[in-house]
Amino acid sequence: MLATMTDTARLANAIWHTLTDRHAAYAVGAGAVRRYAPGFSPMLGFADPERPDWDALVPYCTPGEPLYCGGWSGPAPTGWRIEAESTMFQMVWQGGEPPAADAALTVVRLRPEHASQALELATLTRPGPFGIRTPELGEYVGCFEGERLIAMAGERLHAGRFHEVSGVCTHPDHQGRGLARRLMNHLIRRQLQRGETPFLHVMRDNAGAHGLYARMGFRDHRESVVRVVVSG
């Protein structure tokens, strides 16, 4: 499955292209900056990450609110501070045939009534920026034990043909059973059936997850800076 040059260009600035296209209804901002509206994943994108328009962003932020951004490595502008900085790998699916259907796995589509459980699990396991309304951004699925959500995975950024697998996490009491990997395979299979190309992000220091994703069929596409910035 080959992506067009347009798709590849969008992938290089996936947050911006998602917020100005597929997720425009969930975004706020003006000019050359957008961010997810409060309640969704606290992420922002710039039309040109090398020359971000911080002044345009100010009206859409609350002082002290942490926001994630990628691809920008300049000095902090006046009125902002960099709270955290690292790098992450963007990995793209190159695994060939879709994963086989997993008849032994009971997959539950997460609905609005599951939002608080999804946020609780994400807060505990820290899979990345997550808000109470993040599961509205794509297909989020989970595994339950009784009434308790114990593992989940979902879809977030959607730049052209590329669709992100995100929010992958398992409750510590239930790790080692391959639940998150199996949920990921469920989503990968569905995306490939729709003609989409799965991709994901993983922090550079998360060697275990990086290795797992490589074994599943993902390959490094690019490495970029990721920061948490705070205004005020």
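Side notes on the structure shown:
- Checking residue 32 against (1) open to solvent by less than 30 Å² (accessible area, probe 1.4 Å); (2) more than 14 Å from residue 137 (Cβ to Cβ); (3) not aromatic (Phe, Trp, Tyr), the condition it does not meet: (1)
- Within the set 176, 232, the sole residue that is free of Cβ contacts under 8 Å to residues at least 24 places away in the same chain, open to solvent by 10 Å² or more (accessible area, probe 1.4 Å) and out of contact with any Lys or Arg (no Cβ under 7 Å at 6 or more places or on another chain) turns out to be 176.
- Where strands (runs of 3 or more DSSP E) fall entirely within region 1-51, none has at least 2 residues that are out of contact with any Ser or Thr (no Cβ under 9 Å at 6 or more places or on another chain) and β-branched (Val, Ile, Thr).
- Residues within region 82-98 that are surrounded by fewer than 16 Cβ atoms within 10 Å (Cβ to Cβ), modelled with pLDDT of 95 or more and of a type outside the set (S, T, N, Q), tallied: 4
- Pairs linking a residue in region 35-63 that is on the phi > 0 side of the Ramachandran plot to a residue that is part of a loop (DSSP other than H, G, I, E, B), with Cβ atoms under 6 Å and 6 or more positions apart or on different chains, are 39/131; 39/132; 39/133.
- Subset tally (residues that are of a type in the set (A, V, I, L, M) and either farther than 17 Å from residue 180 by Cα or surrounded by fewer than 18 Cβ atoms within 10 Å (Cβ to Cβ) (or both)) for region 104-154: 9
- Verdict on residue 164 being surrounded by 14 or more Cβ atoms within 10 Å (Cβ to Cβ), of a type in the set (Asp, Glu) and touching a Phe, Trp or Tyr at 6+ places or on another chain (Cβ under 7 Å): yes
- Elements of the type strands (runs of 3 or more DSSP E) sitting completely within region 136-232 and holding at least 3 residues that are within 15 Å of the chain's Cα centre (by Cα): these cover 148-159, 162-170, 197-203, 218-231.
- When region 198-214 is filtered for residues that are under 13 Å from residue 226 (Cβ atoms) and either buried (at least 17 other Cβ atoms within 10 Å of the Cβ) or free of Cβ contacts under 8 Å to residues at least 40 places away in the same chain (or both), the ones remaining, listed by number, are 201, 202, 206.
- Checking region 35-54 against the condition returns a match, with at least one residue being surrounded by fewer than 20 Cβ atoms within 10 Å (Cβ to Cβ), in contact with a strand residue (DSSP E or B) (Cβ under 6 Å, 6 or more places away or on another chain) and modelled with pLDDT under 95.
- Filter result for residue 101 (open to solvent by 60 Å² or more (accessible area, probe 1.4 Å), of a type outside the set (D, E, K, R) and either assigned to a strand (DSSP E or B) or in contact (Cβ under 8 Å) with a residue 60 or more places away in the chain (or both)): yes
- Among the residues making up region 73-122, those that are small (Gly, Ala, Ser) and over 19 Å from the mean Cα position of the chain (by Cα) are 73, 74, 76, 79, 95, 96, 100, 101, 103, 104.
The values are calculated or read from the model by the stated rules, or taken from the named source; none is laboratory data. The structure presented is a predicted model; accordingly, all values stated were derived computationally and were not measured. Note that each Cβ is placed from the backbone with ideal geometry, even for glycine, and that neighbours are counted across all protein chains shown. Remember, those area values only see protein heavy atoms, side chains included, never the ligands or the DNA or RNA. Shrake-Rupley method; radii C 1.70, N 1.55, O 1.52, S 1.80 Å.
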